[in-house]
Amino acid sequence: MQAGIVTVDAEGAITLPAEAVQALGIAEDDVCCFVTDEQGRITLQLLRKTLMSEQDEWLDLVNRHDQVIGQITRENAWAKRQPVRVINAFLTNSRGELWIPRRTASKRMFPNCLDMSVGGHVERGEDYLSAFKRETLEELSLDVDALDWREIAVLSPFETGLSAFMRVYEIRTDSAPDFNPADFSEAWWLTPAELLARIAAGEPAKSDLAELVRRCYP
């Protein structure tokens with residue numbers, strides 16, 4: 001029998017065609033149920049929002065052209081190596097140095113590692129610039145609209161060794177920021193050469209850091 005876009009077989013199993021799943025915005029890890037009323041009409045109820053853990057971070061899943069094709073949790077994106085979007089930024093001063101922080105020991109990924117000045121995922125429904133502004137405020141207590149900044153790179157994981165689609169920004173300042181202690185434990189002003197030398201000598205660093213520095217500050 002057919003009930004709109006829902007197919008119900010003889011054993012009561014319910015199937016949605018792929019185009020319906022996409023049209024309804026149902027993600028891979030969504031939880032759904034079907035309710036039948038007295039007239040036999042079937043209603044789809046999406047339980048994602050009520051059952052989703054507060055710890056879940058939902059991201060836009062993109063194709064190799066950086067076009068949104070669905071949604072995925074951050075955990076699943078990394079576990080399954082699915083393409084998502086991130087932003088990174090470097091604070092640079094008049095001496096040509098980069099402000100490089102160390103991640104806290106409590107970070108689930110890359111604890112105690114050297115990091116970009118700002119970094120984070122572009123959340124579901126968000127654009128790169130909005131993510132850059134949000135992350136800069138959250139991590140460094142800085143308002144991007146009041147800063148001297150520019151976009152310096154647009155990068156793809158299909159064309160580089162980087163982990164995600166990425167926009168990279170540069171913020172020009174001679175002042176060290178008041179960073180969020182939940183994100184970073186300490187920081188230094190380093191030239192690109194000094195930073196790469198520390199990483200080469202065995203200093204733990206976030207996986208994309210060295211390649212980003214080489215690409216953006218050759």
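Just a few scattered comments:
- Extreme residue, surrounded by the most Cβ atoms within 10 Å (Cβ to Cβ), among residues of region 94-110 that are touching a strand residue (DSSP E or B) at 6+ places or on another chain (Cβ under 6 Å) and either of a type in the set (Val, Ile, Thr) or in a loop (DSSP other than H, G, I, E, B) (or both): Ile100
- All positions within region 159-193 that are of a type outside the set (D, E, K, R) and under 21 Å from Pro83 (Cβ atoms): Thr160, Gly161, Leu162, Ser163, Ala164, Phe165, Met166, Val168, Tyr169
- Only one of Asn93, Asn112 that is within 15 Å of Ser207 (Cβ to Cβ) and touching a residue at least 60 places away in the same chain (Cβ under 8 Å): Asn112
- Some residue of region 163-185 being of a type in the set (S, T, N, Q) and touching a Lys or Arg at 6+ places or on another chain (Cβ under 7 Å): yes
- For Asp30, the conditions (1) of a type outside the set (A, V, I, L, M); (2) touching a Lys or Arg at 6+ places or on another chain (Cβ under 9 Å); (3) at pLDDT 95 or above all hold with the exception of (3).
- Any chance Leu196 is assigned to a helix (DSSP H, G or I), open to solvent by 70 Å² or more (accessible area, probe 1.4 Å) and over 15 Å from Arg85 (Cβ atoms): no
- Residue count, region 131-151 (criterion: closer than 11 Å to Tyr169 by Cα and within 17 Å of the chain's Cα centre (by Cα)): 3
- Residue tally, condition under 13 Å from Phe179 (Cα atoms) and either of a type in the set (A, V, I, L, M, F, W, C) or crowded, with 16+ Cβ neighbours inside 10 Å (or both), over region 134-156: 6
Listed here are the residues, each with its yes/no results for (1) over 15 Å from Phe165 (Cβ atoms); (2) touching a helix residue (DSSP H, G or I) at 6+ places or on another chain (Cβ under 9 Å); (3) open to solvent by 30 Å² or more (accessible area, probe 1.4 Å); (4) modelled with pLDDT of 95 or more.
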position: Leu59; (1), (2), (3), (4): no, yes, no, yes
position: Lys80; (1), (2), (3), (4): yes, no, yes, no
position: Asn88; (1), (2), (3), (4): no, yes, no, yes
position: Leu91; (1), (2), (3), (4): yes, yes, no, yes
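- Every residue from region 191-208 that is closer than 14 Å to Leu91 by Cα and under 26 Å from the mean Cα position of the chain (by Cα): Pro192, Leu195
- For region 126-141, the count of residues that are part of a strand (DSSP E or B), modelled with pLDDT of 95 or more and hydrophobic (A, V, I, L, M, F, W, C) is zero.
- Matching residues in region 147-168 - criterion: being without any contact (Cβ under 8 Å) to a residue 40 or more places away in the chain and of a type in the set (Phe, Trp, Tyr): none
The values are calculated or read from the model by the stated rules, or taken from the named source; none is laboratory data. All of these numbers come straight from a predicted model, not from anything done at the bench. Note that each Cβ is placed from the backbone with ideal geometry, even for glycine, and that neighbours are counted across all protein chains shown. These area figures cover heavy atoms from the full protein model, side chains too; ligands, DNA and RNA do not enter into them. Shrake-Rupley method; radii C 1.70, N 1.55, O 1.52, S 1.80 Å.
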